[in-house]
Amino acid sequence: MIPVTKPFLPPEDVYKKYIESIWKRKWLTNMGPLASQLEMNLKSFLDINHLLYVTNGTIALQMAIKALELKGEIITTPFSFVATTSSIVWESCQPVFVDIDAKSLNIDANKIEAAITKNTTAILATHVYGNPCDVLSIEKIAEKHNLKVIYDAAHAFGVKIEDKSIFEYGDISTCSLHATKLYHSVEGGLLISKSPDLIRKLAHIRNFGISDFDSFSELGINGKNSEFHAAMGLANLDYVSEIIDKRKALSQRYDEMLLNVRGYFPEWHHKATKNFAYYPVIFDNEELLLKVKKELDKNQIFSRRYFYPSLASSLPYLQKVELAITEDIAKRVLCLPLYYDLTFEEIELITRIILRIQNNT
Ligand SMILES: *Cc1c(COP(=O)(O)O)cnc(C)c1O
């Protein structure tokens, strides 16, 4: 059996050392020493100044919307994980979907302005598969129309544009450290902002809105994460570079084998580094994708239609809109297995099945 993903786990003794320290201190959560250490180590690893470690990537999005006091309409992408949209609705705002660019699969910056109304307060875009959005165009539009920008950078851990962390774009960026992500702490999330004021506000929101021991500064929630999760984050951080290197080698093997695939690959931001978080293939048509997927399933190889269906046309709590490019891409994109323990032989097996199916179709 080949799953679509498999979490990386550090050597047990590395994790145990952290856990033993928790047993000694009996400090289990509420921004304990390991959570603080993780924040420090992440800032240094990512080369950024301000960062908060929170419960998960979804609460990070909700806290970002809350901290920016967004109301009304938020322009967003229909090609993302459901949490990108549900967070907007959860915070009582209205998602307004803008179609994606067929090459990058990110929100099409050229189509954003047409969607702005007097009720628009922000843009919430996802760096899909870790591939940065057109951040400069989005920044210009936001400045011109006085909008806030949030990036759902759940896929983009470690990605840089010209030596600057992708997390430093927008008013706030969020990340997910869920077990299925490239770098994880079992469950976990990050909030990043260049603004110390926003980070202070978010830190209060994370802790029920408590600003000092006896006073409240705003409406808050419980967005804290535990020492056990931080321990996994600390242990895994030492292996991130190794994980990315391995994924790079595996992705290159896929590239070589799929040189003649009947489909294409997302075009990466030309100034950005890659983190090899996913291996998506956009097949020529849905029929081919379905045949490939069926044959892979039959061989106990699990791929994932990520993201399918379009969020704009499938959520029961929203009016459905069909955006042509998103509808088309969502039907044709398949993420192939990619994880640290995957082998070159397995990639050869997977790609041989794909090529055999396409040549018989
Ligand atoms: C995983 C993911 C999230 C949600 O993160 P959780 O940590 O699972 O809550 C949000 N957005 C995107 C694009 C994701 O891939």
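Can you work out ³J(HN,Hα) from phi for every residue in segment 45-56, in order, using Karplus 6.51 cos²θ - 1.76 cosθ + 1.60 and θ = phi - 60°, giving whole Hz and x for Gly and Pro?
Computed from phi, the couplings for segment 45-56 are 4, 8, 6, 10, 8, 10, 7, 10, 9, 10, 4, 6 Hz.
Counting only other residues whose beta carbon sits under 14 Å from that of residue 35, what net charge do I get with K and R as +1, D and E as -1?
Net of charged neighbours comes to +1.
Run the dipole for segment 201-264 about the Cα centre, Lys and Arg Cβ at +1, Asp and Glu Cβ at -1, nothing else charged, and hand back the magnitude in debye, nearest 20.
Using Cβ point charges on Lys, Arg, Asp and Glu, segment 201-264 gives about 380 debye.
Taking 20 Å as the cut-off for C-alpha to C-alpha distance, list the pairs among 17/224; 181/271; 140/331; 294/320; 111/140; 71/201 that go past it.
17/224; 181/271; 140/331; 294/320
I need the calculated FRET efficiency for the pair residue 30 and residue 162, taking r as the beta carbon distance and R₀ as 35 Å, to the nearest 0.05.
E(calc), rounded to 0.05, equals 0.40.
What residues qualify as long-range amide H neighbours of residue 285, i.e. H under 5 Å apart, gap of 5 or more or another chain, H built at 1.01 Å from N?
For residue 285, whose amide H was placed from the backbone, there are no distant partners under 5 Å.
Which order, highest average first, do 144-154, 209-219, 173-183 follow once you tally other Cβ atoms within 10 Å for each residue and take the mean per peptide?
So the peptides 144-154, 209-219, 173-183, ranked by packing, come out 173-183, 144-154, 209-219.
For all pairs of alpha-carbon atoms in the chain, what percent lies in each bin of width 20 Å, listed from the first bin to the last filled one?
With 20 Å bins starting at 0, P(r) equals 29, 57, 14, 0.
Under 4 °C and 1.567 mPa s, how fast does segment 240-359 diffuse according to Stokes-Einstein, given a Kirkwood radius computed over C-alpha pairs? Answer in µm²/s, whole number.
Answer, rounded: 84 µm²/s.
Below 8 Å between Cα atoms, with a sequence gap of 6+, how large is the relative contact order for segment 240-359 in percent?
36
Amide H of residue 120 versus every other amide H placed in the peptide plane: which residues, excluding those fewer than 5 positions away on the same chain, fall under 5 Å?
73
Taking the highest mean first, how do the peptides 135-143, 233-241, 221-229 order by number of other beta carbon atoms within 10 angstrom per residue?
The peptides rank, most packed first, as 221-229, 233-241, 135-143.
Students often get this wrong: which residues of segment 5-36 have the backbone nitrogen under 20 Å from the point 7 angstrom along Cα-to-C-beta of residue 238?
Inside the label zone: 7-25, 33-36.
Sorting check: for 83-94, 99-110, which peptide has the highest mean count of neighbouring beta carbons within 10 Å, and how do the rest follow?
Per-residue Cβ counts within 10 Å, averaged per peptide and sorted highest first, yield 99-110, 83-94.
Can you work out ³J(HN,Hα) from phi for every residue in segment 317-332, in order, using Karplus 6.51 cos²θ - 1.76 cosθ + 1.60 and θ = phi - 60°, giving whole Hz and x for Gly and Pro?
Going residue by residue, I get 9, 10, 5, 8, 10, 9, 9, 3, 6, 4, 4, 5, 5, 4, 6, 10 Hz, with x marking Gly and Pro.
Sticking with the crude label model, points 7 Å out along Cα→Cβ, report the distance from residue 248 to residue 208 in nm, one decimal please.
Result: 4.6 nm between the two label points.
Need one number: % antiparallel among DSSP beta bridges in the chain, to the nearest 5. Walk me through the intermediate numbers first.
Numbers: 20 of 37 bridges.
Approximately 55 percent, going by the DSSP bridge assignments.
On alpha carbon coordinates alone, what is the Rg over Rh value for segment 104-165, Rh being the Kirkwood radius? Don't skip to the answer; put the middle values down first.
Values: Rg = 11.9 Å, Rh = 12.2 Å.
For segment 104-165, the value is 0.97.
Rounded if a/c is under 1.5, else prolate if a/b is larger than b/c, else oblate: which is segment 148-232, with a ≥ b ≥ c the root eigenvalues of its Cα gyration tensor?
Judged from the Cα gyration tensor, segment 148-232 comes out oblate (a/c at least 1.5, b/c at or above a/b).
Tell me, what ³J(HN,Hα) does each residue in segment 179-192 have, in order and in whole Hz, if you take phi through Karplus 6.51 cos²θ - 1.76 cosθ + 1.60 with θ = phi - 60° and put x for Gly and Pro?
Residue by residue, segment 179-192 yields 3, 7, 8, 3, 10, 9, 10, 6, 10, x, x, 10, 10, 10 Hz.
If you put +1 on each Lys and Arg Cβ and -1 on each Asp and Glu Cβ, how big is the dipole of segment 212-361 around its Cα centre, in Debye rounded to 20?
680
Every number here is computed from the coordinates shown, using simple stated rules; none is lab data. Just so you know, these numbers come straight off a predicted model, no measurement behind them. Neighbour counts run over all protein chains shown; Cβ positions are idealised from the backbone, glycine included.
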